[in-house]
Amino acid sequence: MAGIELRSAAFNDHAFLPDRCAKAGENVSPPLAWSGVPGDTAELLLLCEDPDAPTGTFLHWLVTGIDPAATGVDSGQTPPGGRPHTNGFGEEGWGGPQPPVGDDAHRYFFRLYALPESLPLPEGATADEVREAAERAALADGTLVGRYQR
């Protein structure tokens with residue numbers, strides 16, 4: 001599968017996310033930029049998940065329907081054309097890191113998928129279900145990992 005380069009001006013791959021992104025901080029999503037989206041992409045899907053959560057993979061951000069011509073999103077914004085979904089906190093849009101105090105740093109996987117068509121997702125789909133469905137359908141994808149610890 002082709003690769004999308006996904007990056008952020010706020011943190012490097014496998015580096016710590018800024019405190020302002022955390023749930024207890026300003027709870028704003030980090031800025032993201034990307035390149036390498038295939039020309040036949042119908043839409044992009046953005047997913048942020050924490051596989052280290054004590055109750056299983058936690059959904060922090062899911063946005064579907066992103067304009068395939070978009071090349072990024074500013075901090076605290078929804079990607080162009082995107083539709084934010086309910087996160088694991090039961091809120092729409094971004095829900096920042098909030099790992100248990102004292103845990104080792106959790107990993108936050110930001111994944112961007114280039115899709116040939118809209119992905120039918122059942123209401124309340126889990127992070128694992130979304131990732132698996134997107135991986136099956138994707139023309140290309142990219143991943144950026146941030147970490148956070150309290």
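The values are calculated or read from the model by the stated rules, or taken from the named source; none is laboratory data. Computed from a predicted model, the values in this text were never measured in an experiment. Glycine also receives a Cβ, built like all others from the backbone with ideal geometry; neighbour counts cover every protein chain displayed. Surface accessibility is based on the protein's heavy atoms, side chains included, excluding ligands, DNA and RNA. Shrake-Rupley method; radii C 1.70, N 1.55, O 1.52, S 1.80 Å.
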Inset, instruction - Go through (1) at positive phi; (2) of a type in the set (S, T, N, Q); (3) not in a loop (DSSP other than H, G, I, E, B) and name the single condition residue 64 misses. - result: (1)
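Yes or no, residue by residue, for (1) at pLDDT below 95; (2) within 21 Å of residue 79 (Cα to Cα); (3) within 14 Å of the chain's Cα centre (by Cα):
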{"residue": "105", "(1), (2), (3)": "no, no, no"}
{"residue": "111", "(1), (2), (3)": "no, yes, yes"}
{"residue": "128", "(1), (2), (3)": "yes, no, yes"}
{"residue": "140", "(1), (2), (3)": "no, yes, no"}
{"residue": "147", "(1), (2), (3)": "no, no, yes"}
Inset, instruction - Might you check whether a residue that is hydroxyl-bearing (Ser, Thr, Tyr), within 21 Å of residue 113 (Cβ to Cβ) and in contact with a Ser or Thr (Cβ under 8 Å, 6 or more places away or on another chain) occurs anywhere in region 5-18? - result: no
Inset, instruction - Consider residue 90 carefully, then state whether it is part of a loop (DSSP other than H, G, I, E, B), out of contact with any helix residue (DSSP H, G or I) (no Cβ under 9 Å at 6 or more places or on another chain) and at positive phi. - result: yes
Inset, instruction - Take region 96-124 and flag every residue that is in contact with a Cys (Cβ under 9 Å, 6 or more places away or on another chain) and open to solvent by less than 10 Å² (accessible area, probe 1.4 Å). - result: 96, 97, 108, 110
Inset, instruction - Could you list, in sequence order, all residues of region 105-150 that are of a type in the set (Ser, Thr, Tyr), touching a Pro at 6+ places or on another chain (Cβ under 9 Å) and either assigned to a loop (DSSP other than H, G, I, E, B) or within 11 Å of residue 47 (Cα to Cα) (or both)? - result: 108
Inset, instruction - Would you point out the residue of region 58-88, among those that are touching a Phe, Trp or Tyr at 6+ places or on another chain (Cβ under 9 Å) and polar (S, T, N, Q), that is least open to solvent (accessible area, probe 1.4 Å)? - result: 87
